[in-house]
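Visitor: Quick one: structure below, then a few questions.
The values are calculated or read from the model by the stated rules, or taken from the named source; none is laboratory data. As the structure is a computational prediction, the values presented were derived from the model and not from experiment. No Cβ is skipped: glycine too gets one built from the backbone with ideal geometry, and neighbour counts run over all protein chains shown.
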Amino acid sequence: MLDLTKTGSFISEMRKDKGLTQKQLADLVGVSDKAVSRWETGKGLPDTSIMPELCKALDININELLSGERLNAEAYSGKAEEIMVDLVKDVQNNKKARKAEILGLVLGVLLLLLGLFGIMVVGGSQVVYFLDAPSFIMVLAIQLIILAAGGQIGSFVKAFKLVFRSKSLAESELMENVAKCEYAIKIAQKAAILGGVISSIIGFVTVFAIVWRKAYDVLGPNMAVAVLSLFYGVLFALLLIPIQGRLHNM
């Protein structure tokens, strides 16, 4: 496999030999200084469209860039073959990882459905017990209000576009958006849980202030509905975790 840390250290070394700052190198290749910092710390590779310009700026070739070291004429051919083998291995490993992700997702969904079925059969509960439109809308409304008030709506929507995009983006474009989108997802998770808590508190206050005095026989169902708001809040936050994880890996 390609050694990203070694490649990053090599980029840093060559940049310093040229007397360039991260910002100056970034301007030469048309990316942000954050992208250069990401490369040098081994957190990612330059996009293939950027590699020629980067190599020109550092006075190196692509084989040297990917190998993370200067190559003499004798070592050049052998190193090129080694890099090609590493690239093929990376592609194969990515395919295996993708298959493992799909398998884990399918298995998780099946186990979840099996668990829900068991709860319904053993506990005698029904799906309708977990459905309450007002609670759902209340939690979602509070979440959207918090996102809008914090100026995060745009980044929140863009997070889904990045994760489910159909075409690849340049490294510079990814770097500009990923951090903002990941932060927006974190805010959305907290907002969902807070929305659930607030909505549940309102529900409990209503139950104890009104229902308690007038109709004891519906006390249980009303308390169950009040708890549903918290359930929805936690569920929203849970569903956003995979989105956050995929953004973090970009």
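Visitor: Which members of the range 228-246 meet the condition of being aliphatic (A, V, I, L, M) and either loosely packed, with under 15 Cβ neighbours inside 10 Å or under 30 Å from V178 (Cβ atoms) (or both)? Write out each step before concluding.
Guide: Residues of the range 228-246 aliphatic (A, V, I, L, M): 228, 230, 234-235, 237-241, 243.
Passing the criteria: V234, L235, A237, L238, L239, L240, I241, I243.
Visitor: Here is a further query. Where in the range 1-81 are there helices (runs of 4 or more DSSP H), lying fully within it, with 2 or more residues that are modelled with pLDDT of 85 or more?
Guide: Here the list reads 4-17, 22-29, 33-40, 51-58.
Visitor: Any idea which residue in the range 52-67 is nearest to L25 (Cα to Cα), counting only those that are surrounded by fewer than 17 Cβ atoms within 10 Å (Cβ to Cβ) and of a type outside the set (D, E)? Steps first, answer last, please.
Guide: Pass one, the range 52-67, residues surrounded by fewer than 17 Cβ atoms within 10 Å (Cβ to Cβ): 52-53, 56, 59, 62.
Now narrow it down to the ones that are of a type outside the set (D, E): 52, 56, 62.
Working: P52: 13, K56: 11, I62: 17 Å.
Among them, the one singled out is K56.
Visitor: May I pose another question? V178 passes all but one of (1) within 12 Å of the chain's Cα centre (by Cα); (2) at pLDDT 85 or above; which number fails?
Guide: All conditions are met except number (2).
Visitor: Follow-up. Could you count how many residues in the range 114-140 are farther than 24 Å from I201 by Cα and modelled with pLDDT of 70 or more?
Guide: 1
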